[in-house]
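What follows is a single structure, written as structure tokens, with notes after it.
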Amino acid sequence: MKKRLRFKAAVLNEKAEAAGDLTMHDIAKRTGVRESTISRLLSGRTTPTLSTLGAVAAAYGTTLDELVDGVIPSPAPVPAQRGAA
């Protein structure tokens, strides 16, 4: 089973607010990460890539460890059924 990182949105929000970045647009501008990706990260709809984590960490002077909380298992793929009528 694959595992994926759990992004700590609260940490990003805290770091962004401390830096004066109050909107997703501000965060995207500072990090160089697309605003749509920031939106999906903050809502928990996507798993961050290493490059996204690196950009966020560098922009806000934090570490990757501070931005992620272990791993969560990805759902196992469901095999297709053959011969179903």
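The values are calculated or read from the model by the stated rules, or taken from the named source; none is laboratory data. Because the structure is a prediction, the values reported are computed rather than measured. As a convention, Cβ positions derive from the backbone with ideal geometry for all residues, glycine included, and neighbour counts pool all protein chains shown. Surface areas here come from the heavy atoms of the whole protein model, side chains and all, with no ligands, DNA or RNA. Shrake-Rupley method; radii C 1.70, N 1.55, O 1.52, S 1.80 Å.
Listed here are the residues, each with its yes/no results for (1) open to solvent by less than 30 Å² (accessible area, probe 1.4 Å); (2) at pLDDT 95 or above; (3) of a type in the set (Phe, Trp, Tyr); (4) farther than 15 Å from Gly61 by Cβ.
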{"site": "Glu17", "(1), (2), (3), (4)": "no, yes, no, no"}
{"site": "Met24", "(1), (2), (3), (4)": "no, yes, no, yes"}
{"site": "Lys29", "(1), (2), (3), (4)": "no, yes, no, yes"}
{"site": "Leu41", "(1), (2), (3), (4)": "yes, no, no, yes"}
{"site": "Thr46", "(1), (2), (3), (4)": "no, no, no, yes"}
{"site": "Thr49", "(1), (2), (3), (4)": "no, no, no, yes"}
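Looking at segment 1-15, which of the residues that are under 17 Å from Ser43 (Cα atoms) and not in a helix (DSSP H, G or I) is most open to solvent (accessible area, probe 1.4 Å)?
Arg6
Starting from residues that are at pLDDT below 90 and in a loop (DSSP other than H, G, I, E, B), keep the ones in segment 56-80 and report whichever is surrounded by the most Cβ atoms within 10 Å (Cβ to Cβ). Walk me through it before giving the result.
Initially, segment 56-80 is screened for residues at pLDDT below 90, giving 69-80.
Retained after the next criterion (residues that are in a loop (DSSP other than H, G, I, E, B)): 74-80.
Numbers: Ser74: 11, Pro75: 7, Ala76: 8, Pro77: 8, Val78: 6, Pro79: 6, Ala80: 6.
Top of the filtered list is Ser74.
If you go through segment 22-55 one residue at a time, how many are assigned to a helix (DSSP H, G or I) and among the polar types (S, T, N, Q)?
The number of residues fulfilling the criteria is 7.
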